[in-house]
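What follows is a single structure, written as structure tokens, with notes after it.
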Amino acid sequence: MAPLGMTALSKHLYNGAKEFPAEYHEKHLRPLNALGVRDTENMKGFTPLFVPSFQSIFPEYFLSAIPTETLVRDIAPITTQIYGLNHGREVAPRAAPRSRSG
């Protein structure tokens, strides 16, 4: 739970280079190409003809849609729940009223 009066959330996530795909499991899914047609040499095979691969090196990695754990859930204009916890830009508790001195 965020303390009362908190108006900002600071996260410092660091990410090194990532290779995609890190691993590929054959015999789990029949690969399809971009047109939805089976992408194997024969009808019985599970080895795809093409597996896209790339290396990711950028600090905005956690703001992209590549990982499932993304910071977008914490800056989104709508409030959503993930595992029973609210996420979004408006989920912080309202600030306590300021005391007037004098």
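The values are calculated or read from the model by the stated rules, or taken from the named source; none is laboratory data. These numbers were taken from a predicted model, which means no experiment stands behind them. For neighbour counting, all protein chains shown are included, and Cβ atoms are generated from backbone atoms with ideal geometry for every residue, glycine included. Heavy atoms of the whole protein, side chains included, go into the accessibility calculation; ligands, DNA and RNA do not. Shrake-Rupley method; radii C 1.70, N 1.55, O 1.52, S 1.80 Å.
Name the residues in region 30-67 that are modelled with pLDDT of 80 or more and of a type in the set (A, V, I, L, M), would you?
The answer is Leu32, Ala34, Leu35, Val37, Met43, Leu49, Val51, Ile57.
Where residues in region 12-23 are open to solvent by 100 Å² or more (accessible area, probe 1.4 Å) and assigned to a loop (DSSP other than H, G, I, E, B), which of them is modelled with the lowest pLDDT?
The residue in question is His12.
Filter region 59-74 down to the residues that are part of a loop (DSSP other than H, G, I, E, B) and either in contact with a Ser or Thr (Cβ under 8 Å, 6 or more places away or on another chain) or of a type in the set (Lys, Arg) (or both) and list them by number.
Those that are part of a loop (DSSP other than H, G, I, E, B) and either in contact with a Ser or Thr (Cβ under 8 Å, 6 or more places away or on another chain) or of a type in the set (Lys, Arg) (or both): Ser64, Ile66, Thr70.
Within region 24-77, restricting attention to residues that are open to solvent by 60 Å² or more (accessible area, probe 1.4 Å) and among the small types (Gly, Ala, Ser), which residue is nearest to Arg89 (Cα to Cα)?
Ala65
Among the residues of region 88-102, is any at pLDDT 85 or above and either of a type outside the set (A, V, I, L, M, F, W, C) or assigned to a loop (DSSP other than H, G, I, E, B) (or both)?
Looking through region 88-102, at least one residue is at pLDDT 85 or above and either of a type outside the set (A, V, I, L, M, F, W, C) or assigned to a loop (DSSP other than H, G, I, E, B) (or both).
Within region 45-54, identify whether any single residue is within 24 Å of the chain's Cα centre (by Cα) and within 13 Å of Ile66 (Cβ to Cβ), and answer yes or no.
Yes, there is a match, as at least one residue in region 45-54 is within 24 Å of the chain's Cα centre (by Cα) and within 13 Å of Ile66 (Cβ to Cβ).
Restricting to region 24-58, name every residue that is outside any loop (DSSP other than H, G, I, E, B) and without any contact (Cβ under 8 Å) to a residue 12 or more places away in the chain.
Hits for region 24-58 are Leu32, Arg38, Thr40.
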